[in-house]
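The values are calculated or read from the model by the stated rules, or taken from the named source; none is laboratory data. Since we're looking at a predicted model, the values are computed, not measured. When we count neighbours, we look across all protein chains shown, and the Cβ atoms used for this are built from the backbone with ideal geometry, even at glycine.
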Amino acid sequence: MADDAILAQEEIDRLLQQAALAEGAATGATPAPKAATPARSAVGNAAGEVGDDIQYLLEQAEQAIASVDHPVDPVDGMSQFSFRDFAGTPPSEDMATLDLLRDVELDVKIELGRAHMLLEDVLKLRRGSVVALDKLAGDPVDIYVNGRMVARGEVLVLNDNFCVRVAELITGDEMD
């Protein structure tokens, strides 16, 4: 009597295939071709077998994958999304002037010279201490903009303020 309650594997596959065909006919989708089914667990019966649920989910996944190749008919009011071309416009020569850069702030440093000191000597510095630099008086000073040397100049005093007169601009080839 227990043998009558267990369905044959082929009968279960046929019932699932009929259910898939009926579902496909109801939704208008074309069912995917049937793939070979893996071996099922011999435990349980057809009504409550875990292997049947997994098999059913696998078949649904196969149908979903197969439907990717076939475009779906659009629903009323639905349209396919398309990206706009972001090629841009050519730059305007009227706006490409130096006026765009007038408010840009830059870090400008003037290096009078350098000195190498031991930490012990730095700790001994007091008011009035003299630090000897590696440049002589009258040697050109280096002018750095944003950490890059762009020019050399000479130090002047104008109205009690230190100033630097640019004597030489450094080009890209000379910076190395």
Residue match in the stretch 43-57 (condition: surrounded by 10 or more Cβ atoms within 10 Å (Cβ to Cβ), modelled with pLDDT of 80 or more and among the hydrophobic types (A, V, I, L, M, F, W, C)): yes
Residue that is farthest from residue 155 (Cα to Cα), among those in the stretch 89-111 that are more than 32 Å from the chain's Cα centre (by Cα) and at pLDDT 90 or above: 108
